[in-house]
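For reference, the structure is listed below as structure tokens.
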Amino acid sequence: MVVACKKESAPAGSVTGAIESTSAFETGRKVYMANCIACHNVNPKVDGGIGPANFGATRELILQKVVYNKYPDGYTPKRPTRAMVALPHLEKDIDALYAFLNGNQN
């Protein structure tokens with residue numbers, strides 16, 4: 001005997017439903033708050049204690065600096081410090097960080 005199962009969508013308020021409905025901007029904000037504000041300011045338009053303001057950063061700069069701790073060719077760093085370390089586990093969140101750091105809320 002074969003029993004058919006109806007696939008149900010995640011209930012409202014469930015973790016799966018929340019993840020699916022979170023915008024890239026909001027995901028980027030959460031990633032930034034969890035990983036970046038120790039050095040960068042909570043407001044990415046303002047310099048932090050160690051890290052510079054990073055609002056408006058290009059996707060390439062975010063990718064190179066966050067994942068590989070390098071600067072794109074031809075980029076002049078805002079500060080001479082070398083405090084940042086690579087955070088390769090955030091590679092999947094680069095687009096979301098880009099959306100947040102560029103104010104793309106849609």
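The values are calculated or read from the model by the stated rules, or taken from the named source; none is laboratory data. Given the structure is predicted, the values throughout are model-derived calculations rather than measurements. All Cβ positions, glycine included, derive from the backbone under ideal geometry; neighbour counts span all protein chains shown. Please note that ligands, DNA and RNA were not included when accessible areas were found on the heavy atoms of the full protein model with its side chains. Shrake-Rupley method; radii C 1.70, N 1.55, O 1.52, S 1.80 Å.
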For Val3, indicate whether it is modelled with pLDDT under 50, within 19 Å of Ala96 (Cα to Cα) and aliphatic (A, V, I, L, M).
no
Among the candidates Gly28, Gly17, Gly13, single out the residue that is at pLDDT 95 or above and among the small types (Gly, Ala, Ser).
Gly28
Can we say Asp47 is more than 23 Å from Gly103 (Cβ to Cβ) and open to solvent by 70 Å² or more (accessible area, probe 1.4 Å)?
no
Note on region 28-44: residues surrounded by fewer than 17 Cβ atoms within 10 Å (Cβ to Cβ), closer than 15 Å to Lys92 by Cβ and not charged (D, E, K, R) are Ala34, Asn35
For region 93-106, what are the residues that are of a type outside the set (D, E, K, R) and either within 17 Å of Pro44 (Cβ to Cβ) or without any contact (Cβ under 8 Å) to a residue 24 or more places away in the chain (or both)?
Ile94, Ala96, Leu97, Tyr98, Ala99, Phe100, Leu101, Asn102, Gly103, Asn104, Gln105
Name the pairs: first residue in region 65-92 and farther than 24 Å from Ala24 by Cβ, second residue among the hydrophobic types (A, V, I, L, M, F, W, C) and open to solvent by 70 Å² or more (accessible area, probe 1.4 Å), Cβ to Cβ under 6 Å, at least 6 apart or on different chains?
Ala83/Ile50
